[in-house]
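Just below is one structure, and these are the notes that go with it.
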Amino acid sequence: MESEYLEELPETDEPAWILGRQHHLRNDKSKLLSDISGRLWFTYRRKFSPIGGTGPSSDAGWGCMLRCGQMMLAQALICRHLGRDWLWEKHGKQPEEYHRILHCFLDRKDCCYSIHQMAQMGVGEGKSIGEWFGPNTVAQVLKKLALFDEWNSLAVYVSMDNTVVIEDIKKMCWFPSQSCPGAHCSSLLPKNVLGRSKSPGDFCCSWKPLLLIVPLRLGINHINPVYVDAFKECFKMPQSLGALGGKPNNAYYFIGFLGNELMYLDPHTTQLFVDSEENSAVHDRMKILNLDPSVALGFFCKEEKDFDNWCSLVQKEIHKQQSLRMFELVQKHPPHWPPFVPPTKPEVTTTGAELIESTDKLFELEEEFEILSV
């Protein structure tokens, strides 16, 4: 399989880009393949425990976008715990963090990002269990489930109305606590975070690693060619987690590009349920203009400086060169929007269907402004 794929790659001086890393095919195709095959690959499964106790025991035919969302999130967790430069080795011993990350996605109801949790949380987004999800719906589900994931402790921001608000992200990521009595940390907090009953000296703060998801619609029935260059620039950013998208009812996890072809991981292989497994990713290519216009871009910023760098790249590489912008990046919260309140974990101890009612209350105002995927 690997040798066949290497032969299919063209002899070209044009570089390939995979999640913020550049590869030169003429010099060493094997490094490109190693980078691709090192990504976590999640596919359809069968014979897992029925979702909700009486629901489906396979996600074949409807769970491809959920699997793509799992792959994007898994890449964020790899970057968070092991770093972007870490590579999976087929015969090497994997670090403990790698196995803990895998455990988050096992097809079991007690795993925080399992197909069970995602499908049940999707009910609160208007999706019946067994119904196909769009990119935005998956983003909303991941945002809600992340509230209950204490080990990874991610701040998940899903942009609304094609707009990323810097002020809101910093308010959400600068996480105040009372674990440290030192007053020096209070100077790092945005002013609007300190507007609470306790004095600034009572708080210590730290940046919560950010998973930023930007749902977009880049055309009506087909992707508008005017967006192609900007879309490709996003895969060059060191913060890139790729993109969710594909074709109607047929999702892929896009991780990079070569020329005008997108490279993706394909979830449309049905495997038997197992508690843990390591597989080399099945990858392929698609002409970028064949992409459905409904997509979601993903980015990971472990520290504030990573987010600041991402903002600079958006301004330099996307906004200044594009007459028609894919999305807006603004400093202040739009005054006509509802107030931004960073989500907090509801006072319950389980996730899934039981959380739908309680978590929906956190997002009712936001969802009025969300992009509706088709």
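What follows is calculated from the coordinates using simple rules that are stated; it is not laboratory data. The structure displayed is predicted, hence computed values, not measured ones. For neighbour counting, all protein chains shown are included, and Cβ atoms are generated from backbone atoms with ideal geometry for every residue, glycine included.
Here are the numbers for the structure shown:
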| read-out | value |
| --- | --- |
| Residue-wise HN-Hα coupling along the range 129-135, computed from phi with Karplus coefficients 6.51, -1.76, 1.60 (Hz; x: Gly, Pro) | 4, x, 9, 5, 9, x, x |
| Highest-first arrangement of 152-163, 135-146, 327-338, where packing means the average Cβ count within 10 Å | 135-146, 152-163, 327-338 |
| About the Cα centre, charge dipole magnitude for the range 1-158 (Lys/Arg +1, Asp/Glu -1 at Cβ), debye | 580 debye |
| Taking the range 75-175 and dividing mean pair separation by its residue count, relative contact order in percent (alpha carbons under 8 Å, at least six apart) | 15 percent |
| Added length on full extension, which subtracts the Cα-Cα distance from 0.36 nm per residue, Glu14 to Glu97 | 26.4 nm |
| Extension gain (nm, one decimal) between Lys332 and Asn162, 0.36 nm per residue minus Cα-Cα | 59.7 nm |
| Cα centroid of the range 286-304 to Cα centroid of the range 12-90, whole Å | 14 Å |
| Loop-resident sites, the range 73-142, for trypsin sites (Lys or Arg not before Pro), counting at most 10 other Cβ within 10 Å (DSSP) | Lys90, Lys93 |
| Rounded if a/c under 1.5, otherwise prolate or oblate - the range 41-170, Cα gyration tensor axes | oblate |
| Translational diffusion of the range 90-153, µm² s⁻¹ [Kirkwood Rh, Cα pairs; Stokes-Einstein; 10 °C; 1.306 mPa s] | 124 µm²/s |
| Sites matching GluC sites (Glu not before Pro) across the range 87-131 that sit in DSSP coil, with at most 14 neighbouring C-beta atoms within 10 Å | Glu89, Glu131 |
